[in-house]
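One structure is given here, and the rest of the page talks about it.
The values are calculated or read from the model by the stated rules, or taken from the named source; none is laboratory data. Just so we're clear, the structure is a prediction, and the values are computed from it rather than from any experiment. All Cβ positions, glycine included, derive from the backbone under ideal geometry; neighbour counts span all protein chains shown. Only protein heavy atoms, including side chains, enter the accessible area calculation; ligands, DNA and RNA are left aside. Shrake-Rupley method; radii C 1.70, N 1.55, O 1.52, S 1.80 Å.
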Amino acid sequence: MLDNKDYISRLNKARRKRNRRFDPTYLLIGLAVILVLALLIGGGVFLSRRLRPVLSGEGQARDGEETETVMQTETEAPTLSEEEIEAQELEAAIDGVLASYQNLGIVQVSGYLNIRETPASDGKVIGRLDGDSACDILETEGDWHHISSGGFTGYIHKDYVLTGDEAKEKARTLVKKMAIITGDSVNIRQEPVIDPANVVGNAIQNERYVVEDETDGWILTPSGYISADYATVEYGLNEARKLDLQSMAINQYTNLVISKVDTYLNVREEPSTDGKIIGKMTSKAAGEILDSSTEGWYQIKSGNIIGYITADPQYTATGQEAKDIAMGTATLMAIVNTDMLNVRTEPSTDAKIWTQISKEERYPVLSQLDGWVEIELDAGDSESGEVDRAYVSTRDNNVEVRYALNEAIKFSPLEEAANESASRRSKIVNYALQFVGNPYVWGGTSLTNGVDCSGFTMQVYKNFGISLPHYSGSQAQMGKAVSSSEMRPGDLIFYANSSGTVNHVAMYIGNGQIVHAASRRSGIKISTWNYRKVKTIRNILGD
């Protein structure tokens, strides 16, 4: 049994032990230790992350900051969209194109600028630069740049050309995918099919065409389809096109045929002399042979007409004979490609508009000026026998100037009608048409050897017992005036010169066409009735 002293001693010892177990001081000390350990572990991880880019060279402390560094846990290359990649490629291509020019020039005209053989306004025209086309300026001589473009050299007036940084800035907006022709003469087709009937044009070596699409060995351009076998596609600027004189006219045809008749050659709907006449090829007119398998006949395309002509070598020429005839026949022509084109008395937009000429007509070119071309309309029946000279603008690309050959014109002879009046008119028209192709002679009265415009209508009417004076101005006072909606075959259509005086007459033959003695160059020919502005229409027959 414990004595009181021992009991008290043990009791106190137990109390002290119990007190130490729940002493808050020890609890605080424990918590402090745990916190310190947590800070040490977390700080190590933090510091290792902060120091990693510094130690590995991936980041640097910024100036003016004591301990701040750039923190990056992972690095990845940015992903570019397809559009961004194409933009980068285009930018690189543009830089390459600009670097290919030593002294870049960009033509600034709304139509085209003539390239001349010599640095003079009357220098021979050897090519053209369309608006926004590029050239390398070799040197400058006075008002003229000697340039290289499209594979040849020549001179252009410097007033129409951007140079230096201005040219480079402009050029950056003009670079496109271009088809650059590698063949001597390449067909442009309406469809991506090898078919002689779908040829719509011709391209020559070094010419450039904007690429709209590429598919199955064909390149689509605004002009049509070009075989990828004869062109390379690359980014570039448009450049000059060469006028290779008469040979350019021949290059328009793959299998050329030329009419050898003195007047005209019938184009028929079927390969038979009984086939319906659908067109006429005047003397030395050209066409493309589409098929020669039918004995005695060629299927041809000439102008907008597809039909058949005789294959008799007495009337048609092919091969080298055709080329030789074409070389001696092709002339520089202005070919209208808009519905109506203003004709002015002088080469200026301030000059008077005195007539209009119609689409697809071809007019002999008398001279070329920058932005203008002087053309021949008609000789009329003036005492001088000189042609009506007129000016048309080339600035809006409404007229194409190139060496060309005459082609077939659409034509169907009038059918004999049941009533006597219509029959008489058709007889007059068919009589007049037999003289197509015969020569123009001022003051002449021979339908075979030469007539002027009023001499032609006078002699045709004379054959049917109708008397007319030998002057277009006097003929315009006869009969009664009719509107264009009322005119019938056999009526006379009169045209005026720049002063408004009647100086030319033609006979309406139906189907929107006329026959007339046009000029020394054209002779008696068929044209569209509104090929130029009409002054008056007269019914001379009185029916």
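Quickly run through segment 297-313 and pick out the residues that are of a type in the set (A, V, I, L, M, F, W, C) and outside any strand (DSSP E or B). If the condition is that a residue be of a type in the set (A, V, I, L, M, F, W, C) and outside any strand (DSSP E or B), then A311 is the only one that fits. Within segment 191-244, restricting attention to residues that are of a type in the set (D, E) and part of a strand (DSSP E or B), which residue is farthest from E288 (Cα to Cα)? My answer is E234. Count of segment 130-182 residues, restricted to those that are among the β-branched types (V, I, T), over 25 Å from D213 (Cα atoms) and touching a Leu at 6+ places or on another chain (Cβ under 9 Å), is 6.
Can you tell me which of K284, K280, K260 is at pLDDT below 95 and either over 32 Å from the mean Cα position of the chain (by Cα) or under 23 Å from R189 (Cα atoms) (or both)? Exactly one residue qualifies, and that residue is K260.
For S499, the requirement of being more than 20 Å from G479 (Cβ to Cβ) and open to solvent by 50 Å² or more (accessible area, probe 1.4 Å) is met. G512 meets the conditions (1) on the phi > 0 side of the Ramachandran plot; (2) open to solvent by 50 Å² or more (accessible area, probe 1.4 Å) in every case but one. The failed one is (2).
A single member of V210, V200, V267, V193 is among the aliphatic types (A, V, I, L, M), under 30 Å from S283 (Cα atoms) and open to solvent by 50 Å² or more (accessible area, probe 1.4 Å), and it is V200. Among the residues of segment 458-476, those identified as in contact with a Phe, Trp or Tyr (Cβ under 8 Å, 6 or more places away or on another chain) and over 13 Å from A506 (Cα atoms) are N463, F464, S467, L468. Taking the numbered list (1) open to solvent by 30 Å² or more (accessible area, probe 1.4 Å); (2) part of a strand (DSSP E or B) in turn, Y253 passes all entries but (2).
Screening segment 101-146 for strands (runs of 3 or more DSSP E) wholly inside it with 2 or more residues that are open to solvent by 30 Å² or more (accessible area, probe 1.4 Å) returns the ranges 125-130, 134-141. Apart from one condition, S247 fits all of (1) outside any strand (DSSP E or B); (2) modelled with pLDDT of 90 or more; (3) touching a Phe, Trp or Tyr at 6+ places or on another chain (Cβ under 9 Å); the exception is (2). Within segment 319-353, restricting attention to residues that are open to solvent by 50 Å² or more (accessible area, probe 1.4 Å) and in a strand (DSSP E or B), the residue that is nearest to F411 (Cα to Cα) is M340. Looking only at residues in segment 270-299 that are β-branched (V, I, T) and touching a Ser or Thr at 6+ places or on another chain (Cβ under 9 Å), the one that is surrounded by the fewest Cβ atoms within 10 Å (Cβ to Cβ) is T273. Screening Q88 against (1) open to solvent by 30 Å² or more (accessible area, probe 1.4 Å); (2) touching a residue at least 12 places away in the same chain (Cβ under 8 Å); (3) not charged (D, E, K, R) leaves a single unmet condition, (2). Go through the residues of segment 157-169 one by one and say whether even a single one is under 24 Å from I226 (Cβ atoms) and either in contact with a Lys or Arg (Cβ under 7 Å, 6 or more places away or on another chain) or open to solvent by 30 Å² or more (accessible area, probe 1.4 Å) (or both). For segment 157-169, residues under 24 Å from I226 (Cβ atoms) and either in contact with a Lys or Arg (Cβ under 7 Å, 6 or more places away or on another chain) or open to solvent by 30 Å² or more (accessible area, probe 1.4 Å) (or both): absent. Residues in segment 154-190 that are in a loop (DSSP other than H, G, I, E, B) and small (G, A, S): G183 alone. A single member of R532, R521 is buried (at least 19 other Cβ atoms within 10 Å of the Cβ) and either over 32 Å from the mean Cα position of the chain (by Cα) or at pLDDT below 85 (or both), and it is R532. On the stretch given as segment 488-537, residues that are in a strand (DSSP E or B) and of a type in the set (S, T, N, Q) total 6.
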